[in-house]
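Note sheet for the following structure.
The values are calculated or read from the model by the stated rules, or taken from the named source; none is laboratory data. Values in this document were obtained by computation on a predicted structure and should not be read as measured data. Cβ atoms come from the backbone with ideal geometry, glycine included; neighbour counts cover every protein chain shown.
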Amino acid sequence: MMKDELGGRSAFPAGGRRRFLALGAAGLALPFLSRLSALVSAGPLTAPLPPDRRLSLYNIHTGEALAVEYCRSGRLVPDALEKIDHILRDHRNGETVSINVRLLDLLHTLARAVGAAEPYHVISGYRSPKTNDYLRTRGEGVAVNSLHLVGKAIDVRVPGIALRDLYRTAVKLAWGGVGIYPASDFVHLDIGRVRTW
């Protein structure tokens with residue numbers, strides 16, 4: 001036992017009490033930090049989404065266009081979501097999947113951030129496993145477990161918005177993965193982990 005500064009006995013060696021208190025404070029902070037980490041990984045800490053949210057899409061492969069309000073007064077609009085699933089289908093075989101609403105919210109937020117006056121031109125939305133495998137065999141840098149397979153990724157451009165500006169703004173939003181493909185004139189967006197290329 002050692003004497004502390006006040007003359008009492010202490011179970012801690014010199015400097016040990018401070019270390020003990022610091023570790024205790026860190027232990028108490030862990031639950032808060034883990035919740036904060038979950039929030040950050042879930043998306044940027046920005047203003048809440050507006051209750052009314054719209055998207056304008058143009059599928060370059062099918063020539064279909066859609067301008068739709070998919071969330072009205074804070075409630076999703078099922079008919080609008082079905083229309084979005086359809087326009088973002090695998091254009092090679094017509095297969096659809098439910099597009100993740102968080103991806104739609106990312107597109108809505110990004111369009112507002114860049115001041116898009118034109119619809120998103122969609123290069124690739126949902127990809128069926130067969131299409132994904134086909135693109136991989138062609139050596140187009142397609143991931144085996146692409147988020148396109150589960151309705152969580154999209155490749156787009158916006159007429160009137162420089163590709164690099166679209167890319168940079170998406171990176172700042174930090175909602176997921178963002179890649180730029182200047183030769184093919186599109187930006188990849190997904191709601192996976194935050195990363196860039």
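Need at least 3 residues that are surrounded by 13 or more Cβ atoms within 10 Å (Cβ to Cβ) and among the β-branched types (Val, Ile, Thr) per element, so show me which helices (runs of 4 or more DSSP H) inside the stretch 70-184 make the cut, counting only ones lying wholly within it.
It comes to 101-114.
Can you tell me which residue within the stretch 154-173, out of those that are touching an Asp or Glu at 6+ places or on another chain (Cβ under 9 Å) and free of Cβ contacts under 8 Å to residues at least 60 places away in the same chain, is farthest from residue 57 (Cα to Cα)?
It comes out as 163.
Please pick out the residue among 170, 116, 143, 162 that is modelled with pLDDT under 95 and in the same structural domain as residue 83 (by TED's automatic domain parsing).
Exactly one residue qualifies, and that residue is 143.
Report, by residue number, each residue of the stretch 53-69 that is free of Cβ contacts under 8 Å to residues at least 60 places away in the same chain and part of a strand (DSSP E or B).
53, 54, 65, 66, 67, 68, 69
Can you tell me how many residues in the stretch 174-197 are aliphatic (A, V, I, L, M) and free of Cβ contacts under 8 Å to residues at least 40 places away in the same chain?
4
Please work out if residue 134 is assigned by TED's automatic domain parsing to the domain that holds residue 68, of a type outside the set (Val, Ile, Thr), within 23 Å of residue 62 (Cβ to Cβ) and touching a Gly at 6+ places or on another chain (Cβ under 9 Å).
No: the conditions fail for residue 134.
Write out, first by first residue and then by second, each pair whose Cβ atoms fall under 6 Å of each other, whose residues are 6+ apart or on separate chains, and whose first residue, in the stretch 81-96, is closer than 13 Å to residue 61 by Cα and touching a residue at least 12 places away in the same chain (Cβ under 8 Å) while the second is of a type in the set (Phe, Trp, Tyr) and in a loop (DSSP other than H, G, I, E, B).
Within 6 Å, the pairs are 88/126; 89/126; 90/126.
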